[in-house]
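Step one of this worksheet: look at the structure below.
Each value in this text was obtained by applying a stated rule to the coordinates, not by laboratory testing. Since the structure is predicted, the reported quantities are computational estimates derived from the model, not experimental observations. Note that each Cβ is placed from the backbone with ideal geometry, even for glycine, and that neighbours are counted across all protein chains shown.
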Amino acid sequence: MAGGAWVGSDSNLGIDFFLKLQQRVKFVREGYMNKMSHSRQVPQNDAVLENLQGDERMNKHFLTVAMTVVAVSAVLAIACTTASLGATAAATATTLTVSVSKTDVYAGDSVTGSGKLVDANGNGIPNQVIHIQYQVTAPSKTFSGQKDITTDASGNFGETMTVPSSSSFSQATITLTAVYSGNAQYAASQSAPVTITAHLS
């Protein structure tokens, strides 16, 4: 993104300035300390001492200003770096829907479950794995499972099944939910559940 690149550039400039200013402060501080050390070893007249004291006041003032600028530069560098990281695009929101061709079925019937995965603009998202989770509830038993289906070029997916018969129970309720786990580009989403009443004998 253009914005991300711009912020990253500002961040590098801030860090470079911060490092160069640190070196300058170190140089001035070392020069000041050397001058003061020398002044203690050599007798000085009043004029020389006054000049040294003036230099001392100037260097202290410069060091105070420089350290303030260093601190501000550090904060700006951190802020720019943080902004650069934040400029990375968030995952695009998605919407997942699922439906069935019949909601009341009998043993031997064919029923199709289908759906679509779209982005925030309603565009289908291809080649994404959709987890079709199901739960079967019967009078004496409940079980669940999952089947994975991949979206086609338009973001659609579907599966057709034949309703089985059962001698153990005459009727069951089947709940289907489509789940998309998402990735770095697209956010996760989940469909509303769909319920099917199956007559199995």
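What's the ranking of 142-151, 125-134 by average number of surrounding C-beta atoms within 10 Å, highest first? Let's see the in-between values first.
Working: 142-151: 12.3, 125-134: 16.7.
Ranked by mean Cβ neighbours within 10 Å, highest first: 125-134, 142-151.
Just check the stretch 92-142 against the gyration tensor rule for me: Cα atoms, a ≥ b ≥ c as the square roots of the eigenvalues, rounded for a/c under 1.5, and otherwise prolate or oblate depending on whether a/b exceeds b/c. Each step should come with its number before you reach the end.
Numbers: a/c = 3.27, a/b = 2.14, b/c = 1.53.
Judged from the Cα gyration tensor, the stretch 92-142 comes out prolate (a/c at least 1.5, a/b above b/c).
Quick check: convex hull over the Cα atoms of the stretch 94-199, volume per residue in Å³, rounded to an integer? Before the final figure, lay out the partial values.
On the way: hull volume 9.2 nm³, N = 106.
Dividing the Cα hull volume of the stretch 94-199 by its residue count gives 87 Å³.
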